[in-house]
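The values are calculated or read from the model by the stated rules, or taken from the named source; none is laboratory data. The shown structure was predicted, so the numbers you read here are calculated from the model rather than taken from an experiment. All Cβ positions, glycine included, derive from the backbone under ideal geometry; neighbour counts span all protein chains shown. Accessible surface areas use protein heavy atoms only, side chains included; no ligands, DNA or RNA. Shrake-Rupley method; radii C 1.70, N 1.55, O 1.52, S 1.80 Å.
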Amino acid sequence: MEIDRVVVVGGGIAGLAAAAVLARRAGEVVLVERHPAPALPPQAGLPHAMLLSGALVLNELFPGLDERLRVRGAVPPGPDPTHVPCHWAAAGAVRHELRFPDVGRGRSLCSRELIQQEMWAAVERIPNVRREHDTVTTAVGRGGAVHGVALRSGRTIEADLVIDAGGRGRGVPTGVPDPPVTEVGVDIRYTSFLVERQEGDLDGAVVAAVQHTPRIPRMGIALPMEGGLWQVGFGAFFGEAGPTDPAEVREYAAAAFADPVLAQLLDRPFLDRPRRYTFRSGLRRHWERMARPVPGFVAVGDTVASVNPIYGQGMSSALLQVRELGRLVDRYGVGPSLAAAAPKALAKIADAPWHLSTGADFTYARTTGPRPRDQARINAYVSRVLRAAAVDDRANLAFTSVTHLMAPPAALFAPPVVAAALRHGAPPKTPADPARAGAAA
Ligand SMILES: Cc1cc2nc3c(=O)[nH]c(=O)nc-3n(C[C@H](O)[C@H](O)[C@H](O)COP(=O)(O)OP(=O)(O)OC[C@H]3O[C@@H](n4cnc5c(N)ncnc54)[C@H](O)[C@@H]3O)c2cc1C
């Protein structure tokens, strides 16, 4: 085998996937993670949705993983994975079905913890992956190229390729030049709660979501998980801290959102403690704009793009990047050509979730960062598509495909979708209760 050793820094979603992908291509993969397995990051206890694109990659990289998740209680998509019942309030309309493309399977829903536990278990079964419980302190190398990493324990591991999958904060903090960074400030405050799932909840919807609107900078989501539970989460922009006292949470869910649907899940005792998390900004590291490529080094996952979590894209973006990394290694090996090609190719994958999420974040004048030109017009059009998606199958399919990273954003501008948006997407007339109808969206 031409590639003797790869070091993967970080045992999160990106690092575990990278270990699996590169173990097929290298003699040995050393996975360095500073926390004991399953190394859950602080946000892991809050609701995490795996998008369809991420679920497909996950099952490609870890065959049988979906079945194992289901054995442990993950909730399957329902009898027809192309038509998933939902209550999705957005832009003043409610979709009752998420219309997915027919790819032969759907996604199961469960906690982030369960996904990561099963990924760890799968990686531990790969014979040529060696685990190091240690912290990487720097990359080591010569002449601008990386040849390994130094660990806090004092040891050095030589490698043909080092993958930085260390998450938003970077796993290889020094030894590699800093890339240019873009930041989009939103100061989202999350709260989340676990409640029992009951027969007939949400009229049979598998998921529920209430998107933020121009007048109401708050969103809510309910996702089913193992153990017969709902994870109910709220995210508010610009530093608004939602309540955690049960009575106040119920009132908040009923009155403070564009649609009160989630209040019906909060009529029962809260299980476990409420969770909080603050996400201050979307963060993009432009590895593709480095003055000189760094042979022997590639960054993936949140280290490339850490996006506003309310759109549920981070894990799937990481998995799509890692799948692409495998293809790039097949094509270029691990030398200078990979260093030149990989940052651009991975940035291209990160672009869609980055532009979709920051574009929606720029609904608000208070969002900070480089505001794209024409964003207001694009957002107005997207709101039209969303309203059309509530009544038009093609608009629904296009919107779900784009937001699940199964189709490029340009799919929203396909002629049948434009026609549906023009026909069905007009903003509602000023309603009696603008908050409830999300009228301004
Ligand atoms: C509140 C919230 C909700 C979210 N909801 C969703 C959602 O619904 N859907 C979704 O897809 N995404 C969601 N995300 C995003 C998702 O959590 C991230 O995109 C995902 O965790 C990125 O995975 P990663 O492997 O790149 O990084 P991480 O999960 O952060 O993993 C990085 C790992 O590297 C290790 N590490 C770092 N530095 C070193 C070092 N020097 N040495 C050794 N180890 C190191 C860390 O310990 C960690 O285990 C959410 C995020 C937040 C904050």
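Structure values in brief
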{"read-out": "Charge-dipole axis of the chain as Lys and Arg at +1 and Asp and Glu at -1 on Cβ define it, positive-most pick from Gly359, Ala49, Phe257", "value": "Gly359"}
{"read-out": "Calculated FRET value between Arg125 and Asp80, using beta carbons and R₀ = 41 Å, to 0.05", "value": "0.80"}
{"read-out": "Cα centroid of the stretch 153-225 to Cα centroid of the stretch 365-384, whole Å", "value": "22"}
{"read-out": "The stretch 365-398: trypsin sites (Lys or Arg not before Pro) falling in loop per DSSP and having at most 14 other Cβ within 10 Å", "value": "Arg366, Arg373"}
{"read-out": "The chain - mean residue ellipticity at 222 nm from DSSP helices (-39,500 (n - 2.57) per run, n ≥ 4, rounded to 500)", "value": "-9500 deg cm²/dmol"}
{"read-out": "Between helix 415-424 and the chain: long-axis angle, C-alpha atoms, 0 to 90°, nearest 10", "value": "30"}
{"read-out": "Three-way shape call for the stretch 1-56 based on the alpha-carbon gyration tensor, with the a/c threshold at 1.5", "value": "oblate"}
{"read-out": "Solvent exposure ordering (accessible area, 1.4 Å, most first) of Thr367, Thr278", "value": "Thr278, Thr367"}
{"read-out": "Cα Rg over Rh - the stretch 183-280, Kirkwood", "value": "0.96"}
{"read-out": "Label-to-label distance, nm, for residues given as Leu422 and Arg371 (7 Å Cα→Cβ offset)", "value": "2.9"}
{"read-out": "Residue-span extension gain [Asp330 to Ala414] - 0.36 nm each, minus C-alpha spacing", "value": "26.9 nm"}
{"read-out": "Virtual spin-label span in nm between Asp203 and Ala341, 7 Å along Cα→Cβ", "value": "5.1"}
{"read-out": "The stretch 310-397, accessible area per residue, ligands and nucleic acids excluded (1.4 Å, Å²)", "value": "44"}
{"read-out": "Of all DSSP beta bridges in the chain, antiparallel share, percent nearest 5", "value": "70"}
{"read-out": "Inter-site label distance for Glu2 and Asp272 at 7 Å from Cα along Cβ, in nm", "value": "4.5"}
{"read-out": "Percent accessible area from carbon and sulfur atoms, the chain, protein chains only, probe 1.4 Å", "value": "53"}
{"read-out": "Euclidean distance of C-alpha centroids, the stretch 303-339 and the stretch 49-124, integer Å", "value": "20"}
{"read-out": "Pairwise FRET efficiency - Glu240 versus Arg292, Cβ, R0 = 56 Å, nearest 0.05", "value": "0.80"}
{"read-out": "Ala145-Glu60 FRET efficiency (beta carbon distance; Förster radius 30 Å; 0.05 resolution)", "value": "0.45"}
{"read-out": "Where the stretch 183-280 is the region considered: accessible area per residue in Å², 1.4 Å probe", "value": "40"}
{"read-out": "Angle between the chain longest axis and helix 375-389 axis [Cα atoms, degrees, rounded to 10]", "value": "60"}
{"read-out": "Longest DSSP-loop-exposure-free segment, chymotrypsin sites (Phe, Trp or Tyr not before Pro), the chain, at most 15 other Cβ within 10 Å", "value": "1-237"}
{"read-out": "Cα pair distances in the chain, grouped into 10 Å bins until the bin that holds the longest one, percent each", "value": "4, 21, 31, 26, 13, 4, 0"}
{"read-out": "Stokes-Einstein D (µm²/s) once Rh is taken as the Kirkwood radius of the stretch 291-428 over alpha-carbon pairs, at 10 °C in 1.306 mPa s", "value": "96"}
{"read-out": "Debye equation applied to the C-alpha atoms of the stretch 37-160, log10 I(q)/I(0) at 0.14, 0.15 Å⁻¹", "value": "-0.80, -0.86"}
